[in-house]
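To keep things clear, I will list the structure first and then write my remarks on it.
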Amino acid sequence: MEEMCTVVKSLSQVADAIAFECPPGRGPAGTVLCVVLRHDGSLDEGMVRHILSELCVAGLKDRLPQRILQVPDIPCQRSGAKAWGAIERCLCGATPADCTDVRNPQSIASIVHLFERGSVGTPLAC
């Protein structure tokens, strides 16, 4: 998933990204990609196609995300590392307040809300 994020973050429209596996029982199995876009960008169908195309060009055709969410911020641990584990814990029932190791728990709340609302970019074939 790190390679996927590296490719996506290299796009000029993307400020940051994080990927995690969908927890069992929380939807279709597979990777969820969260992106923060620059300049008030929008995750429309064209942007989804662009992201997926770049992942295919990078040789990640077999590892495309199942869902893509546009989020306002990426959760980080107090150490600065991405907090993908905290996202997974919150999707499995923990609350963002339980994630005391995360310096911006509101970002997890946003991801959980978007995930549950079904905000998705449907992956397309390469």
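The values are calculated or read from the model by the stated rules, or taken from the named source; none is laboratory data. It should be emphasised that the depicted structure is a prediction, and the values quoted were computed from it without experimental measurement. Neighbour counts are summed over all protein chains in view; Cβ atoms, including those assigned to glycine, are modelled from backbone coordinates with ideal geometry. Accessible surface is based on the protein model in full, side chains and every heavy atom, while ligands, DNA and RNA are left aside. Shrake-Rupley method; radii C 1.70, N 1.55, O 1.52, S 1.80 Å.
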Review point. At 222 nm, what helix-only mean residue ellipticity would the chain give, in deg cm²/dmol to the nearest 500, using -39500 (n - 2.57) for each DSSP H run of four or more?
Key: -10000 deg cm²/dmol
Point to revise | Cα gyration tensor shape for region 9-57, rounded if a/c is under 1.5, else prolate or oblate | key: prolate
Revision key, fill the gap. For the pair Lys9 and Thr95, the simple spin-label estimate (label points 7 Å beyond Cα toward Cβ) gives in nm 3.2
Point to revise | Charge context of Lys82, other residues only, Cβ under 15 angstrom, K/R +1, D/E -1 | key: -3
Exercise for review: For the chain, take the alpha-carbon Rg, divide it by the Kirkwood Rh, and send me Rg/Rh.
Suggested key: 0.94
Review point. Carbon and sulfur: what percent of the chain's accessible surface (1.4 Å probe)?
Key: 50
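Just the number please: accessible area per residue for the chain, 1.4 Å probe, all protein chains included, in Å².
Details: 6550 Å² over 126 residues.
Computed with neighbouring chains in place, this is 52 Å² per residue.
Nearest 0.05, what FRET efficiency do Glu54 and Glu116 give at R0 = 25 Å with Cβ-Cβ as r? Intermediate results must be reported in sequence, preceding the final value.
On the way: r = 28 Å, r/R0 = 1.11.
Between Glu54 and Glu116 the formula returns 0.35.
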Review point. Percent antiparallel among DSSP beta bridges with both residues in region 3-126, to the nearest 5?
Key: 70
Review point. Running Debye on region 49-122 with equal point scatterers at the Cα sites and no solvent, what base-10 log of I(q)/I(0) appears at q = 0.11, 0.27 Å⁻¹?
Key: -0.33, -1.13
